[in-house]
Amino acid sequence: MAHKVAVLPGDGIGPEVTREAVRVLKATGVPIEFEEALVGGCAYDQTGHPLPQATLDLCKSADAVLLGAVGGPKWDRLEPVALRPEVGALLPLRRELGLYANVRPAKTLAPLAKASPLKGKRALLDLVVVRELTGGIYFGSPRERRANGTLAVDTCLYHVYEVERIAEVAFAVAKTRRCEVVSVDKANVLETSRLWRETVDRMTPAHPELRIAHMLVDNCAMQLVRDPRQFDVILTENMFGDILSDEASMLTGSLGLLPSASLGEPRQGRPFGLYEPIHGSAPDIAGQDRANPIAAVLSAAMMLRHTFAESEAAERIERAVERALADGLRTADLAGRDSIGTAAMGEAILARL
Ligand code: IPM
Ligand code: MG
């Protein structure tokens, strides 16, 4: 039976990059049925809500979700805030689908080492940020966030079970790699971080094959720039992971290259996930055939590997991307002149599958 994938192209460059990802997925021959739905600002424009019920229902009935990007200046000032694409669509989508584990690999592709802001060998990083995605300060806010215009409140809270399940994901990822985990927190200041650290410590003895260490988040931000090769798997909470994954991704040379998976509990025995490029909707270049589709294409490869256990097809895609880059093909984010467009890059990857 064909797998069912919900495709949510979203706003800005989302539709352009997901189009290429879907073309590449089709070309692998893995039997997949695609169904599209609205999400983000475009959904608000057409239905009055950034996450229509029909979209949520489709995602709940699918085996996996492929998302482009949401948001743009047009919707940044919508009131109430709950109608804005990020708060009204992305966060509820994560929460409703139970996607608590965000896996963001940051690996320098050899042909692009020179694009990294780091010099020499330090640019050759290969790490994964495992970010808790449905808890912490993103979700702990009380209903009343503002008082009389002079005070605002956001609350960070974590349950032990939330720390345990994300740590399990990080440990499992580490076991497929170099077996090193750095758990990042701010335990010198925050109570949630102390709970986080105690929980990770309690779990450590059950994983003797792993080397598990702790690091404070400010130090981690510094160490990433000093020498990111020291990291294998970074395990961290929601907001720290948001920040550190952007930092790590830029060290590889371009935000336009990196995929991500947001994983929840298995469905029918298969890991369920939402797959999306880590870049945003880039409204400034939307609709101009200038976006880099590689992050979306690699997100599709992650989907094949994680949800559908099609690691061979996933590797074919990854190799095709590397070959296109090794052959000197570049979108505008990576080359000023002599760049090719979104569709041409998709075509180039297809040709090398
Ligand atoms: C990300 C984004 C989102 C986040 C925003 C758009 C809500 O930055 O996926 O990293 O902070 O989680
Ligand atoms: Mg972010």
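Observations on the model:
Table: residues versus (1) under 14 Å from residue 293 (Cα atoms); (2) among the basic types (Lys, Arg); (3) not in a helix (DSSP H, G or I).
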{"residue": "309", "(1), (2), (3)": "no, no, yes"}
{"residue": "317", "(1), (2), (3)": "yes, no, no"}
{"residue": "322", "(1), (2), (3)": "yes, no, no"}
{"residue": "329", "(1), (2), (3)": "yes, no, yes"}
{"residue": "335", "(1), (2), (3)": "no, no, yes"}
{"residue": "343", "(1), (2), (3)": "yes, no, no"}
{"residue": "350", "(1), (2), (3)": "yes, no, no"}
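- Qualifying residues in the stretch 90-121 (those that are within 15 Å of ligand 2 (Cβ to nearest atom) and free of Cβ contacts under 8 Å to residues at least 60 places away in the same chain) - the one surrounded by the fewest Cβ atoms within 10 Å (Cβ to Cβ): 91
- Of all the numbered requirements in (1) modelled with pLDDT of 95 or more; (2) out of contact with any Gly (no Cβ under 6 Å at 6 or more places or on another chain), residue 278 misses one, and that requirement is (1).
- For the stretch 230-252, the set of residues classified as open to solvent by 40 Å² or more (accessible area, probe 1.4 Å) and more than 10 Å from ligand 1 (Cβ to nearest atom) consists of 230, 247, 250, listed by residue number.
- Hits in the stretch 328-352 (condition: open to solvent by 50 Å² or more (accessible area, probe 1.4 Å) and either modelled with pLDDT of 95 or more or under 20 Å from the mean Cα position of the chain (by Cα) (or both)): 333, 347, 351, 352
- Here 229, 202 are screened, and the one residue that is without any contact (Cβ under 8 Å) to a residue 40 or more places away in the chain, more than 16 Å from ligand 2 (Cβ to nearest atom) and in a helix (DSSP H, G or I) is 202.
- Test for residue 209: is it over 23 Å from the mean Cα position of the chain (by Cα), of a type in the set (Asp, Glu), assigned to a helix (DSSP H, G or I) and outside the structural domain of residue 101 (by TED's automatic domain parsing): no
- Taking first residues from the stretch 65-89 that are in a helix (DSSP H, G or I) and partners that are within 12 Å of ligand 1 (Cβ to nearest atom) and among the basic types (Lys, Arg), the Cβ contacts under 6 Å between residues at least 6 apart in sequence or on separate chains come to 75/84.
- In the stretch 18-55, the residues that are assigned to a helix (DSSP H, G or I) and among the β-branched types (Val, Ile, Thr): 18, 22, 24, 47, 55
- Subset of the stretch 61-87 [away from ligand 1 (no atom under 12 Å from the Cβ) and either open to solvent by less than 10 Å² (accessible area, probe 1.4 Å) or not assigned by TED's automatic domain parsing to the domain that holds residue 15 (or both)]: 62, 64, 65, 66, 68
- For the residues 125, 58, 90, the requirement of being within 19 Å of residue 246 (Cβ to Cβ) and more than 16 Å from ligand 1 (Cβ to nearest atom) singles out 125.
- Scanning the stretch 264-280 for residues that are open to solvent by 10 Å² or more (accessible area, probe 1.4 Å), more than 25 Å from residue 124 (Cα to Cα) and either among the charged types (D, E, K, R) or within 14 Å of ligand 1 (Cβ to nearest atom) (or both) turns up 265, 267, 270.
The values are calculated or read from the model by the stated rules, or taken from the named source; none is laboratory data. Keep in mind the model is a prediction, meaning the values are calculated, not measured. Note that each Cβ is placed from the backbone with ideal geometry, even for glycine, and that neighbours are counted across all protein chains shown. These accessible areas exclude ligands, DNA and RNA; they are computed on the full protein's heavy atoms, side chains included. Shrake-Rupley method; radii C 1.70, N 1.55, O 1.52, S 1.80 Å.
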